[in-house]
Amino acid sequence: MTIKTVKVYAKNFYFCLPMHFVPINYSDPGFNPVHTADFQLMVILSQDTFSYAVRHPATQRLVSVSTDNPLTELFELQNNLGLLTSSYQKVVVAVETPSFCLVPNAIFTPDNLLDFAAFLSVKEADVILTDEIENGQNKVIFTFDEGLVQKLAAHFNTTKIEFAPKSWIKTVIQAELPGQNLYLMIEKDQLQVLYPERKNVRFYNQFSCSSIDELVYYTALVAEQLKLKPQETALIICGRAEAGDEQVLRLRQFFKEASLFNTPAFKQRNNLQQHQVVNFLGLI
């Protein structure tokens with residue numbers, strides 16, 4: 001089946017099958033939230049929700065993970081006695097935003113920042129931020145709500161706001177999995193697609209995606225743009241997916257394989273799966 005056929009078929013499904021996601025709420029039985037000074041806290045925000053994870057730096061194991069919490073709860077007073085305001089060895093705050101562009105380090109300078117920012121969708125209340133895509137040789141320019149950035153800086157005592165997708169991009173590139181692979185990050189209402197080449201980012205983009213039909217369509221569209229033959233291309237999936245999920249089974253109909261991301265370096269030894277928490281693994 002050619003890519004062109006996939007595109008037409010995917011956009012003409014009679015039923016639009018939604019993608020369902022269950023939030024992660026995990027705490028290691030041996031973790032005492034009263035004693036956090038030797039741990040690292042990672043917080044990821046979108047416009048409406050936030051997720052966080054606590055990691056032990058020596059073992060690299062996640063001891064607490066909570067996803068898809070209402071953003072209104074982040075700054076509420078009762079959290080002053082909770083995990084989010086405890087003392088940590090290190091705190092990392094990252095944001096997810098659809099307004100971004102990747103620029104090769106070779107052509108980026110602080111002087112031309114505003115030239116590249118002209119390609120972004122900048123609202124009046126937004127601030128322009130920058131970050132590095134490690135192992136990807138790229139600077140990322142992105143925007144986020146300035147009021148939220150200021151509240152985050154005050155709440156977590158940090159002046160650095162990071163670009164959240166860099167975590168799984170870094171982790172995937174470092175894994176160096178063999179074969180011709182297209183990497184998907186499947187989340188609620190969003191699909192991210194990454195195609196690394198020679199330890200660099202050849203393609204990365206985000207798509208608004210809330211159904212399996214759209215998931216198949218945008219994946220096929222990217223493969224076509226990159227001139228990747230479906231029968232020779234494996235999909236490696238991160239995010240909220242399981243091996244037997246409908247979205248994974250549907251993708252397998254059009255590509256060589258669709259499997260969940262996993263590397264031997266991940267030594268969690270509990271119910272957390274690497275593909276589901278990869279958005280935290282590369283932040284520190």
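Would you check the accessible area of Lys188, probe 1.4 Å, heavy atoms only, in square angstrom rounded to 10?
Result for Lys188: roughly 140 Å² accessible.
Not counting the cut sites, what is the longest span of the chain without chymotrypsin sites (Phe, Trp or Tyr not before Pro) that DSSP labels loop and that have at most 10 other Cβ atoms within 10 Å?
16-284
Largest first and to the nearest Å, give the Cα extent of the range 18-170 along each principal axis.
49, 38, 32
For the range 178-262, restrict the atom set to alpha-carbon positions and state the Rg and Dmax in Å.
Answer for the range 178-262, Rg first and Dmax second: 11.6, 32 Å.
Tell me, what is a quarter of the convex hull surface for the C-alpha atoms of the chain, in nm² with one decimal?
Taking a quarter of the hull surface, the average projection is 15.8 nm².
With the full set of protein chains in place, find how many percent of the accessible area of the chain is carbon and sulfur; take the probe as 1.4 Å.
Carbon-and-sulfur percentage of accessible area, whole number: 50.
Taking 0.36 nm per intervening residue step and subtracting the Cα-Cα distance, what contour gain separates Asn200 from Asp38 on full extension?
Answer, rounded to one decimal: 55.0 nm.
Can you give me the convex hull volume of the Cα atoms of the range 60-112, divided per residue and expressed in Å³?
197 Å³
Using the Cα centre of the chain as origin and beta-carbon charges of +1 (Lys, Arg) and -1 (Asp, Glu), tell me which of Pro23, Leu113, Tyr204 is placed farthest towards the positive end of the dipole.
Tyr204
So, for the chain, what is the accessible surface per residue at a probe of 1.4 Å, expressed in square angstrom?
50 Å²
At a Förster radius of 41 Å, what calculated FRET efficiency corresponds to the Cβ-Cβ distance of Thr109 and Glu224, to the nearest 0.05?
Taking R0 as 41 Å, the efficiency between Thr109 and Glu224 is 0.75.
If you place +1 on the Cβ of every Lys and Arg and -1 on the Cβ of every Asp and Glu, how big does the dipole about the Cα centre of the chain come out, in debye to the nearest 20?
920 debye
Stretch Asn262-Phe75 to full length: gain in nm at 0.36 nm per residue minus the Cα-Cα span?
Contour length minus Cα-Cα distance gives 63.9 nm.
Need one number: nm distance between label points at Gln174 and Asn271, each 7 Å from Cα along Cα→Cβ, rounded to one decimal.
Distance between the two pseudo-spin positions: 2.7 nm.
Given the options Gln190, Asn271, Pro98, identify the residue whose Cα lies farthest towards the positive end of the charge dipole of the chain (+1 on Cβ of Lys, Arg; -1 on Cβ of Asp, Glu).
Working it through, the farthest residue towards the positive pole turns out to be Asn271.
Relative to the first principal axis of the alpha-carbon coordinates of the chain, what is the inclination of helix 166-175, with its axis defined by its Cα atoms, in degrees from 0 to 90 and to the nearest 10?
Roughly 60 degrees, rounded to the nearest 10.
How large is the helix-only mean residue ellipticity at 222 nm for the chain, computed as the sum of -39500 (n - 2.57) over DSSP H runs with n ≥ 4, divided by its residue count, in deg cm²/dmol to the nearest 500?
Value at 222 nm, helices only: -6500 deg cm²/dmol.
In the range 61-145, what GluC sites (Glu not before Pro) fall in a loop by DSSP, with at most 13 other Cβ atoms inside 10 Å?
Glu76, Glu124
Whenever you get a sec, line up Ile107, Ile169 from highest to lowest accessible area (probe 1.4 Å, protein heavy atoms).
Sorted by accessible area, descending: Ile107, Ile169.
The values are calculated or read from the model by the stated rules, or taken from the named source; none is laboratory data. It should be emphasised that the depicted structure is a prediction, and the values quoted were computed from it without experimental measurement. A quick note on method: Cβ atoms are made from the backbone with ideal geometry, for glycine too, and the neighbour counts reach across all protein chains shown. The accessibility values were calculated without ligands, DNA or RNA, using every heavy atom of the protein model including side chains. Shrake-Rupley method; radii C 1.70, N 1.55, O 1.52, S 1.80 Å.
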